[in-house]
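Trainee: First, the structure itself, so that you have it in front of you.
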Amino acid sequence: MTRPVRYEVESGVATVTLDRPEAMNSLTRETKEALRDALQTAASDEAIRCVVVTGTGRAFCVGQDLREHAAHLAELPVADVWATVAEHYTPIATALATMPKPVIAAVNGVAAGAGASIAFACDFRLVSEAAGFNTAFAGIGLSCDTGASWTLPRLVGYAKAVELLMQPRTVKPSEACEIGLATHVVPADDLAEAAADLARTLAAGPTLAYASIKAALVYGASHDLATTMALEADMMAATGASQDHRNAVQAFVAKQSPMFRGR
């Protein structure tokens with residue numbers, strides 16, 4: 001039986017691929033569990049230095065599989081239906097946003113609902129010219145999940161986040177780049193190579209520093225200036241004591257390229 005999520009590792013890069021092209025990579029319970037587990041595995045594996053999340057076919061991910069959801073609404077108590085937020089969607093977003101290594105969303109096609117939220121929770125979004133974002137939640141009478149209420153305002157600002165969440169529409173790649181949803185827009189045929197090139201660059205970089213930067217950004221989003229700067233001081237002391245920093249300073253003085261080991 002084919003797994004709905006593929007997990008592949010090469011040269012320190014983990015690629016997590018949603019692989020239900022016939023269903024536009026919509027999220028069944030099995031798919032959500034496999035995605036959650038793959039991301040948590042990547043987060044905890046010290047040998048992984050960068051993660052790429054992508055999809056197969058013409059969609060990145062269109063969110064919840066509504067056929068399965070309709071069956072659950074008819075068969076299960078309401079509390080059991082919506083337990084999926086705490087069991088699946090929240091851990092998926094948390095793993096992406098707090099992972100101590102860079103995460104790239106290679107958005108190959110439409111990203112809607114939780115699929116859009118998954119992309120928003122990544123650090124970089126390389127977007128195919130054939131792709132688009134649609135929050136979708138309000139269109140079926142729902143609030144938002146998978147961290148969208150936290151990530152989206154930080155990408156596009158509060159007012160634009162309100163608009164995109166309350167009046168869902170497809171945001172094309174050019175607009176996505178203009179408003180901050182896309183890091184780069186690339187031709188569809190070049191997406192995989194562009195994501196691989198960026199992943200290799202990041203994997204060869206100062207991953208300990210990347211992890212500290214991510215942690216500081218998450219912390220600063222919910223703390224005041226003074227406590228955020230106190231954390232910055234701690235992070236600088238920790239990274240400043242690392243072998244990566246010492247080697248980089250020595251390489252600079254010697255006019256050489258630094259080698260980063262993540263320690």
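Trainee: Could you please let me know if ALA215 is assigned by TED's automatic domain parsing to the domain that holds LEU152 and under 17 Å from the mean Cα position of the chain (by Cα)?
Mentor: no
Trainee: Of the residues in the stretch 143-159, how many are surrounded by 14 or more Cβ atoms within 10 Å (Cβ to Cβ) and either more than 20 Å from the chain's Cα centre (by Cα) or outside any helix (DSSP H, G or I) (or both)?
Mentor: Result for the stretch 143-159: 4.
Trainee: Separate question: Could you say which residue among GLU22, GLU33, GLU46 is under 30 Å from PHE260 (Cβ atoms), of a type in the set (Asp, Glu) and either out of contact with any helix residue (DSSP H, G or I) (no Cβ under 6 Å at 6 or more places or on another chain) or surrounded by 13 or more Cβ atoms within 10 Å (Cβ to Cβ) (or both)?
Mentor: Step by step, each of GLU22, GLU33, GLU46 is checked, and only GLU46 is under 30 Å from PHE260 (Cβ atoms), of a type in the set (Asp, Glu) and either out of contact with any helix residue (DSSP H, G or I) (no Cβ under 6 Å at 6 or more places or on another chain) or surrounded by 13 or more Cβ atoms within 10 Å (Cβ to Cβ) (or both).
Trainee: Right, ALA188: small (Gly, Ala, Ser), in contact (Cβ under 8 Å) with a residue 24 or more places away in the chain, surrounded by fewer than 17 Cβ atoms within 10 Å (Cβ to Cβ) and farther than 26 Å from ASP45 by Cβ or not?
Mentor: Taking the combined requirement at face value, the residue satisfies it.
Trainee: Kindly evaluate THR90 against the criterion of being in contact with a strand residue (DSSP E or B) (Cβ under 6 Å, 6 or more places away or on another chain), at pLDDT 95 or above and of a type in the set (Val, Ile, Thr).
Mentor: Considered against the rule, which asks whether it is in contact with a strand residue (DSSP E or B) (Cβ under 6 Å, 6 or more places away or on another chain), at pLDDT 95 or above and of a type in the set (Val, Ile, Thr), THR90 comes out as no.
Trainee: Moving on. Counting only residues that are of a type in the set (A, V, I, L, M, F, W, C), within 30 Å of MET235 (Cα to Cα) and in contact with a Ser or Thr (Cβ under 9 Å, 6 or more places away or on another chain), give me the strands (runs of 3 or more DSSP E) lying completely in the stretch 49-121 with at least 2 of them.
Mentor: Per the criteria, 50-55, 103-107.
Trainee: If I ask for residues that are among the charged types (D, E, K, R) and either modelled with pLDDT of 90 or more or loosely packed, with under 12 Cβ neighbours inside 10 Å (or both), which ones from the stretch 232-245 would you list?
Mentor: GLU232, ASP234
The values are calculated or read from the model by the stated rules, or taken from the named source; none is laboratory data. The structure displayed is predicted, hence computed values, not measured ones. FYI the Cβ positions are ideal-geometry reconstructions off the backbone, even for glycines, and counts take in every protein chain you see.
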